[in-house]
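The structure appears right after this line, and notes come after that.
Each reported figure results from applying straightforward, stated rules to the coordinates on display, with no laboratory input. This one's a predicted model, so the numbers in the text were calculated from it and none came from an experiment. Backbone-built Cβ (ideal geometry, glycine too); neighbour counts: all protein chains shown.
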Amino acid sequence: MKKVLSLIFIMFLFPVLSYANENMVKGNKQYQKNNFDKAIEYYEKAKEADNDDARINYNLANAYYRKGDYDKAMETYKIVLNNTKDINLKSSALYNMGNTAYRKQDNDLAMDYYKECLKLNSSDMAAKNNIEFLQQEKQQNKNNKKDKNNKDNNQNKDNKDNQDKNNKNDNNKDKQEQDKNKDKQNDKNNNQDKDNQKDKNDNKQQGDNDKQENKDKQKQNPNQHILDYFDKQDKQNYDKSKEGKTIQRIGRSGKTW
């Protein structure tokens, strides 16, 4: 069964012991009451006696950390490292610097500080636990990223398949619409051809009927065309005679002697 780990945050105040500093004592009391702003105020006053005192700076850094001011905490822990030769104080500062880096979401830097802590104190089980925790978290993040990439790839593949399917459906729909329009046009052309053919047949039938009618007339009276000719001549002669009378009347009414 896989062991479930969590990051261990342990912060110890440096005890006063024989170190007599009234502001240091007041600062520790306020720290233990979680009054971190007031604790910082007293620690800053205590530093006036010795600005580089590692013990005062260590407690001050812890107060900044608990307050949530991780930049000031990291800055003050570095002062501790540069101003002490005490192995235990250094290892504690490095461990707390690992916690601070983790709070600032810099896991690689946190890992480095925990490893430096173990170099000075190989029996620090909290530092070992935190290193293992960060390793597991890193692997989990890697697996999550891989799963996300696989999910994204599958989603992209599904989207592509759906797009191809939609494109295919659209193409089929367009083709069906084109075929439908083509059928309509063919039907229209066929209907037009039928109408034209009907008109042609009607005209032909009318011509045939006229020819047949003429043939029937000639058959009934072979001399009909001669009679028609005479009728036409009589009509023309009558029109000429009528025209001559009109001119004659105009001539008579116009004479003036």
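Within segment 70-93, the residues that satisfy the criterion of being surrounded by 14 or more Cβ atoms within 10 Å (Cβ to Cβ) and over 21 Å from GLN105 (Cβ atoms) are ILE79, VAL80, LEU81, ASN83, THR84, ASP86, LEU89, LYS90, SER91, SER92.
Picking from residues in segment 28-40 that are surrounded by 15 or more Cβ atoms within 10 Å (Cβ to Cβ) and in contact with a helix residue (DSSP H, G or I) (Cβ under 8 Å, 6 or more places away or on another chain), the one that is farthest from ILE87 (Cα to Cα) is LYS38.
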